[in-house]
Amino acid sequence: MKRPPPQLHIEVDHDRCVGNGMCLTFAPGVFQPNARRQSEVIDPEGDTLEDILVAAENCPTAAISVTDAATGEPYEV
């Protein structure tokens, strides 16, 4: 199983997240619902980079951002 680079930074904007759960479908090793049913990151290395980017791309409110922690450069979703 391929892992994303350790310097990957994944963030969920809870002002935008509506708890749709699409990210849980595509990257269940990375995201879990919190007490308010909004997604939160539990393990940024829990799925492949490709799966994480698909999860971010399929977020209906674009609440997920994925950046390279070392450079701050965003990954295209």
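The values are calculated or read from the model by the stated rules, or taken from the named source; none is laboratory data. Predicted, not measured: the structure shown is a model, and the values here were computed from it. All Cβ positions, glycine included, derive from the backbone under ideal geometry; neighbour counts span all protein chains shown. Quick note on the areas: whole protein, heavy atoms, side chains included, nothing else; ligands and nucleic acids left out. Shrake-Rupley method; radii C 1.70, N 1.55, O 1.52, S 1.80 Å.
Annotations
- Looking across segment 22-47, the residues that are among the aliphatic types (A, V, I, L, M) and either within 11 Å of ILE10 (Cα to Cα) or within 11 Å of the chain's Cα centre (by Cα) (or both) come down to MET22, LEU24, ALA27, VAL30, VAL41, ILE42.
- Residues of segment 36-67 classified as charged (D, E, K, R) and touching a helix residue (DSSP H, G or I) at 6+ places or on another chain (Cβ under 9 Å), total: 3
- Residue list for segment 1-26, restricted to those being touching a strand residue (DSSP E or B) at 6+ places or on another chain (Cβ under 9 Å) and closer than 20 Å to GLU73 by Cβ: PRO4, PRO5, GLN7, LEU8, HIS9, ILE10, GLU11, VAL12, ASP13
- Candidate set from segment 61-77 (those that are not hydrophobic (A, V, I, L, M, F, W, C) and not in a strand (DSSP E or B)); member that is modelled with the highest pLDDT: THR61
- Flag if GLU50 is farther than 13 Å from HIS14 by Cβ, open to solvent by 70 Å² or more (accessible area, probe 1.4 Å) and either touching a Pro at 6+ places or on another chain (Cβ under 6 Å) or part of a loop (DSSP other than H, G, I, E, B) (or both): no
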